[in-house]
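Report on the following structure.
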Amino acid sequence: MSDATSAIPAAGIVAMRRRYLLTATAVVPVDFAFTLIFIAMSGSWNYAPRSLTGGLLLLGGVNYLLASRLYGPIQRFLLGEARYEDIQRRLTQLPILTARNVALLTFVLTVVRLGATYVLNDQAIEGVPRPTVVDFIALCILLPVFYFTFSYFVVSDYLAALCTFIFRHHGHNLGLFFGRYRNKLVVALLVISIVPLAAVVVDLFSYEGERLRFEIANDVAIALMGIVISGYFITRSLLSPIRILSRAMNKVAQDDLDQRVPVTSNDEIGALTSQFNGMIEGLRERERIRETFGRYVDESIAETILRREGDGVLAGEMREATILFTDIASFTTIAEHLAPDDLVAALNEYLETVLEPIGAQGGVVNTFIGDGLFASFNMPLACDDHACAAVRAAIEIQRAVGARTFGDFGVAFATRIGISTGQVIGGSVGAGKRVSFTLLGDTVNLASRLEQLNKDYATRILVSDSTRQACGDRFVFRPHGSVAVRGRSDAVPIYSVDPLGQDRSQ
């Protein structure tokens, strides 16, 4: 056994079986109604007990036994005695197998009823109109076809309830699809429209006078009742799966990805529902990846990558951007005096404090580097006036970090920041399935170097000359001459920013 059923009440399993057997024998009251209409219009009440008993025995008793046999494997699965894979074919073919049995029994019953008018001569058969040979043959075809169609759609409606029951208690969905929605629709329309018409046409060529009027009136009365009853179940069977799928789609459109719909039909609509479930699973996985990815790189980078390229790769591009590096002064010394868990807790609080101003100014954190981080403005996301945004973020970081302590032990951190503006190359770099979004170029190297030079100049924020020029006179810059930077042949002018200075553009 592969499926536990302890959570399913036994009464629920019994109720589902009882419901199927009632559905499979639902043709009995329909046959009773049709027979009574014929008997009432012909006045042959003496034949009623024999005719109705025959219908009850064949369409009720024999059909009940055949339906019980058909349902046996499904019952064993519900009781936990069989695997779902072993009964899935029986499950999806349940409507057509049940309808086949009903059609065969109806054929036998029709032959017996009509044949009795030719064979029997007792009092019970007196007054029963004897059909012509053509009408005899037509009824032996049309009635089984109608009862087959009726039973098929009634059991299909039950199948939807059974599949929902299995889905809720076992989590299984149909994966085998034998029916064709188009064929179902065509058969339903033909049976509702052609069968009554065919019966009338046969009467026109078989009878005349008063007998013709009787036969047509009988056929019309039975057809009207049959159309109403069968139309109800045909509509439910064909439209209910579409309504279920439509409601789920509306919820997904409202960003509700917690949808998983039971597959309740064995045709293309069922296959479509199965594909819908697969799509939602993919969307949930994509959302999970986006959220997880956003924990390791800035969420906006994750969203950009997922939006631009389905395989999670951004093609290389060059753009002017401003790069910002941060680091904690004397972090190694601080780490020697704190337990690892205390150090990590304090560092996490610190990084949260640093992240907020960067995000508020439109920057993107590309990666964390030990006790520092590497952020960019205008790459990969557009950021207007990115140089000023980076300097403004640096000032806000200094103010936020300097105004508080971190962790349970109240550790104070001093932050060093380097900023540079210039052309930057950005894209996904890596091998195989392991890639990361990376920024490359002299601008990146210079920002990293400026962050380190804060130690030599006893400053907190150092910026390149390109950043100072891009900011104009909106901040207070102090020149520190020019310094040689590894990888460059010429010296680079550098400037510090007053961390307590005001943004003159505000």
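The values are calculated or read from the model by the stated rules, or taken from the named source; none is laboratory data. In this text, all values refer to a predicted model and were calculated from it rather than measured experimentally. Don't worry about glycine lacking a Cβ; one is built from the backbone with ideal geometry, like all the others, and counts go over all protein chains shown. Side chains included, ligands, DNA and RNA excluded: accessible areas come from the protein's heavy atoms. Shrake-Rupley method; radii C 1.70, N 1.55, O 1.52, S 1.80 Å.
Looking at this structure, is Ala103 modelled with pLDDT of 90 or more, closer than 30 Å to Ser42 by Cα and open to solvent by less than 60 Å² (accessible area, probe 1.4 Å)? Yes, satisfied. Would you call Val145 open to solvent by 30 Å² or more (accessible area, probe 1.4 Å), among the aliphatic types (A, V, I, L, M) and over 22 Å from Ala271 (Cβ atoms)? It is true that Val145 is open to solvent by 30 Å² or more (accessible area, probe 1.4 Å), among the aliphatic types (A, V, I, L, M) and over 22 Å from Ala271 (Cβ atoms). For the structure I just gave you, tell me whether Glu126 is open to solvent by 80 Å² or more (accessible area, probe 1.4 Å), of a type outside the set (Ser, Thr, Tyr) and at pLDDT below 85. In short, yes. Checking each residue in segment 183-210 for being surrounded by 14 or more Cβ atoms within 10 Å (Cβ to Cβ) and more than 52 Å from the chain's Cα centre (by Cα) picks out Asp203, Ser206, Tyr207.
Checked against (1) open to solvent by 30 Å² or more (accessible area, probe 1.4 Å); (2) over 37 Å from the mean Cα position of the chain (by Cα), Phe167 passes all but a single condition, namely (2).
For (1) open to solvent by less than 20 Å² (accessible area, probe 1.4 Å); (2) touching a helix residue (DSSP H, G or I) at 6+ places or on another chain (Cβ under 8 Å), each residue gets a yes or a no:
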| residue | (1), (2) |
| --- | --- |
| Thr421 | yes, yes |
| Asn445 | no, no |
| Arg460 | no, yes |
| Ala470 | no, yes |
| Asp473 | no, no |
| Ser482 | no, no |
| Val485 | yes, yes |
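Kindly check whether there is at least one residue in segment 391-403 that is more than 23 Å from Arg474 (Cα to Cα) and open to solvent by less than 40 Å² (accessible area, probe 1.4 Å). Checking segment 391-403: not a single residue is more than 23 Å from Arg474 (Cα to Cα) and open to solvent by less than 40 Å² (accessible area, probe 1.4 Å). Screening the candidates Ile234, Ile229, Ile216 for the property of being surrounded by fewer than 16 Cβ atoms within 10 Å (Cβ to Cβ), at pLDDT 70 or above, touching a helix residue (DSSP H, G or I) at 6+ places or on another chain (Cβ under 7 Å) and outside any loop (DSSP other than H, G, I, E, B) yields one hit, Ile216.
For segment 354-394, give me the residue count where each residue is assigned to a helix (DSSP H, G or I) and touching a Gly at 6+ places or on another chain (Cβ under 7 Å). Show your work before the answer.
Of all residues in segment 354-394, those assigned to a helix (DSSP H, G or I) come to 354-360, 386-394.
Now restrict to residues that are touching a Gly at 6+ places or on another chain (Cβ under 7 Å): 389-390, 393.
So the count comes out to 3.
Considering segment 414-506, the qualifying strands (runs of 3 or more DSSP E), each wholly inside and each with 2 or more residues that are modelled with pLDDT of 90 or more, run over 415-431, 461-464, 477-484, 491-497. Candidates are the residues of segment 358-390 that are open to solvent by 10 Å² or more (accessible area, probe 1.4 Å) and more than 36 Å from the chain's Cα centre (by Cα); the one that is nearest to Glu451 (Cα to Cα) is Phe374. In segment 18-29, the residue that is surrounded by the fewest Cβ atoms within 10 Å (Cβ to Cβ) out of those that are in contact with a helix residue (DSSP H, G or I) (Cβ under 6 Å, 6 or more places away or on another chain) and in contact (Cβ under 8 Å) with a residue 40 or more places away in the chain is Leu21. Is it the case that segment 185-198 has a residue that's within 18 Å of Leu94 (Cβ to Cβ) and at pLDDT below 70? Checked against the condition, which is being within 18 Å of Leu94 (Cβ to Cβ) and at pLDDT below 70, segment 185-198 yields no hits at all. Among the conditions (1) in contact with a strand residue (DSSP E or B) (Cβ under 9 Å, 6 or more places away or on another chain); (2) touching a residue at least 40 places away in the same chain (Cβ under 8 Å); (3) of a type outside the set (A, V, I, L, M, F, W, C), the only one that Gln361 does not satisfy is (2).
If you go through segment 48-81 and keep only what is closer than 28 Å to Pro9 by Cβ and free of Cβ contacts under 8 Å to residues at least 12 places away in the same chain, you end up with Leu65, Arg69, Gly72, Arg76.
Evaluated against (1) without any contact (Cβ under 8 Å) to a residue 60 or more places away in the chain; (2) surrounded by 24 or more Cβ atoms within 10 Å (Cβ to Cβ), Ala412 falls short on exactly one condition, (2). Scanning segment 398-429 for residues that are among the polar types (S, T, N, Q) and farther than 23 Å from Asn366 by Cβ yields a single hit, Thr405.
For segment 301-349, the set of residues classified as part of a loop (DSSP other than H, G, I, E, B), aliphatic (A, V, I, L, M), open to solvent by less than 40 Å² (accessible area, probe 1.4 Å) and at pLDDT below 80 consists of Leu314 only. Of all the numbered requirements in (1) modelled with pLDDT under 65; (2) open to solvent by 40 Å² or more (accessible area, probe 1.4 Å), Glu285 misses one, and that requirement is (1). Among the conditions (1) in a helix (DSSP H, G or I); (2) open to solvent by 60 Å² or more (accessible area, probe 1.4 Å); (3) farther than 30 Å from Ala412 by Cβ; (4) modelled with pLDDT of 70 or more, Ile280 misses just one, which is (2). With respect to (1) among the aliphatic types (A, V, I, L, M); (2) touching a Gly at 6+ places or on another chain (Cβ under 9 Å); (3) within 30 Å of Phe214 (Cβ to Cβ), the lone exception for Leu120 is condition (2).
Given the condition aromatic (Phe, Trp, Tyr) and touching a Cys at 6+ places or on another chain (Cβ under 7 Å), answer yes or no: does some residue in segment 101-108 qualify? Yes, the conditions are met somewhere in segment 101-108.
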